[in-house]
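For reference, the structure discussed in these notes is given below.
Readers should treat all values here as calculations from the given coordinates under stated rules, not as data from a laboratory. Because the structure is a prediction, the values reported are computed rather than measured. We place every Cβ from the backbone using ideal geometry, glycine too, and count neighbours over all the protein chains shown.
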Amino acid sequence: MLDSAQEVLRLQSRGDATAVEIARAAIDMIEATQGSINAFTHVDRELALSTAETVDQKRRNGEPLGPLAGVPVAVKDVLCTRDMPTTCSSNMLRNFRPPYDATVVEKIRQADAVIVGKTNMDEFAMGASTETSAFGNTRNPWDVSRTPGGSSGGATACVAAGTVPLSLGTDTGGSIRQPSGFCGVTGLKPTYGRVSRYGLVAFASSLDQVGPIGWSVQDVALLLQCISGYEPRDSTSLNHEVPDYQAALQSSDLRGMKIGILREALDIDGVDAAVRQAVLASTEVFRDAGAEIIDINLPHSKYWVPTYYVIAPSEASSNLSRYDGAHYGHRATQLAPEKSESLGPLVATYCQSRAEGFGAEVKRRIMVGTYALSEGYADQYYNQALKARRLIKGDYDAAFSQVDLLLGPVSPTPAFPLGEKVDDPVQMYLCDLFTVGANLAGIPAISLPAGKDEAGLPLAIQLQAPALEETRLLFAGAAYQAMTDFHKLRPDTFAS
Ligand code: GLN
């Protein structure tokens, strides 16, 4: 089964399987599950097999191999790949083939990973269910009538379905952690600036981050190791040495560690009883590992969602202005004559290209963001949100002067049925209640599988740490997984 990168590496070093055999198995499984799960927007069998063949050749020749040698990895379709389309699951970029690789893609290629394809997502990463994709929605492998979460729903569903052991997602307001929680896998959003954004198609530039998704903390640490580091082509990249993340996983002794539980979050209306129970049960596990549990309150957490939903659309409206059919993206060819006449052919081309290329949620964000930034309103909305963001960051600073980590839920509920929220944006935005804080503050956070509810749907817990303390998240996450088996649960559809 392709559920462990470590196992895939061992199989090859023992000579029990070649990279080509593993790549073939992965692609076979992707093809077998694509009809029911729809996790991919693009799969390239030939390319994967030829990369795998290169890895096998290197091994045969005794050449040095990278840390991901022969490991099949899926890449969210918002990351530029020079040999595959990069669509952002939008009609606007349906035919876009980037002339270069995103830095993270370049890095995993250098690590000898085998990229199998691009994964489905909410259009331009705007959403929490993968239902805004122009390529149809992805389904949750635990229950195909439910969403896998979003926006990295394809990236988490392809791991949960057993087709690849690792994938790359992106997280602007929770898009790695929430779908990881919905799909019962482990996902980490790194510190803002830890991983290069070069070649990541921008949604909200001050919030976006690329991160790893896998079953176990060990696998997630392995991929994080490969993608982290300073990038001169990203002006917000942090120039800090990358620690040895895997070395952090040797012990499960949490003595001396203080974990703050966000108890108020558990009492919010709409938080599912099973979600609350999973978080409370995890405190016992952390206590047994030696950690001290302390109640913590983040006083401005009620402003997380409103602040995020001003800042993210504002940045999106600016970033997406480049898609006008002339500079970038889909170009309308048949202009409506009355539009052409009233606006002139150039402006009519812009308007119609954007009308045809973008879906409803993206248009909504552009309109909200344009309004929030416009003269006369910016002080009430955008500038106000920046002030709230500073208060939110201040809450975290105060909390982390008392505790090492924060523990809480990932989402208010487990995976919800397809169609339930897609026509109700406010309900969809409320899915982000517990995740957007980390993005606003730029801190790292991890989602860990924490059991199943009565309907058999995965539950999850979230740990958050101060900036650049990924090691602490991995350390506590590995201790939790050493003491529980939740990350070993698999859906019935697994690799079927
Ligand atoms: N659900 C959030 C949104 O719709 C977060 C998306 C993301 O992290 N890319 O904006």
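Here are the numbers for the structure shown:
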| quantity | calculated |
| --- | --- |
| Mean projected area in nm² (Cα convex hull; one quarter of hull surface) for region 346-422 | 9.0 nm² |
| Candidates per trypsin sites (Lys or Arg not before Pro) in region 176-274, loop by DSSP, up to 15 other Cβ within 10 Å | ARG233, ARG255 |
| Chymotrypsin sites (Phe, Trp or Tyr not before Pro) restricted to DSSP loop in region 319-396 with at most 15 other C-beta within 10 Å | TYR377 |
| DSSP bridge orientation in the chain - percent antiparallel, rounded to nearest 5 | 60 percent |
| Derived scalar couplings ³J(HN,Hα) [region 203-213; Karplus, 6.51 cos²θ - 1.76 cosθ + 1.60; whole Hz; x for Gly, Pro] | 9, 10, 4, 8, 10, 4, 8, 8, x, x, 10 |
| Tensor-based shape of region 74-158 (alpha-carbon gyration tensor, a/c under 1.5 rounded, otherwise prolate or oblate) | oblate |
| Most positive-pole-ward Cα, GLN34, PRO67, SER50, against dipole of region 1-73 from beta carbon charges | PRO67 |
| At most 13 other Cβ within 10 Å, DSSP loop - trypsin sites (Lys or Arg not before Pro), region 4-99 | ARG14 |
| Along the chain, longest interval not containing exposed GluC sites (Glu not before Pro), exposed being DSSP loop plus at most 13 other Cβ atoms within 10 Å | 1-240 |
| Separation in nanometres of the label points that stand 7 Å from Cα toward Cβ, at LYS488 and ASP397 | 4.4 nm |
| Set LYS302/LYS452; LYS76/LYS393; LYS58/LYS107; LYS339/LYS363; LYS363/LYS393 screened for pairs whose C-alpha atoms are more than 21 Å apart | LYS302/LYS452; LYS76/LYS393; LYS363/LYS393 |
| Proximal charge balance of SER447 [Cβ under 9 Å; K/R count +1, D/E count -1] | +2 |
| Global geometry of the chain, whether rounded, prolate or oblate, following the gyration tensor of its Cα atoms and the 1.5 cut on a/c | oblate |
| For region 410-439 and region 1-75, distance of Cα centres in Å | 33 Å |
| Length gained when the stretch ARG390-SER318 is fully extended (0.36 nm per residue, less Cα-Cα span) | 23.8 nm |
| Shape call, region 407-496: gyration tensor on alpha carbons, a/c limit 1.5 | oblate |
| Average Cα contact separation per residue, the chain, under 8 Å, 6 or more apart, as relative contact order % | 18 percent |
| Region 23-37 - phi-based ³J(HN,Hα) in whole Hz, Karplus 6.51/-1.76/1.60, Gly and Pro as x | 4, 5, 4, 4, 5, 4, 5, 4, 5, 5, 9, 4, x, 8, 9 |
| Magnitude of the charge dipole, region 20-140, Cβ model with Lys/Arg +1 and Asp/Glu -1, debye to 20 | 120 debye |
| Value of Rg/Rh across region 129-241 [Cα atoms, Kirkwood radius] | 0.99 |
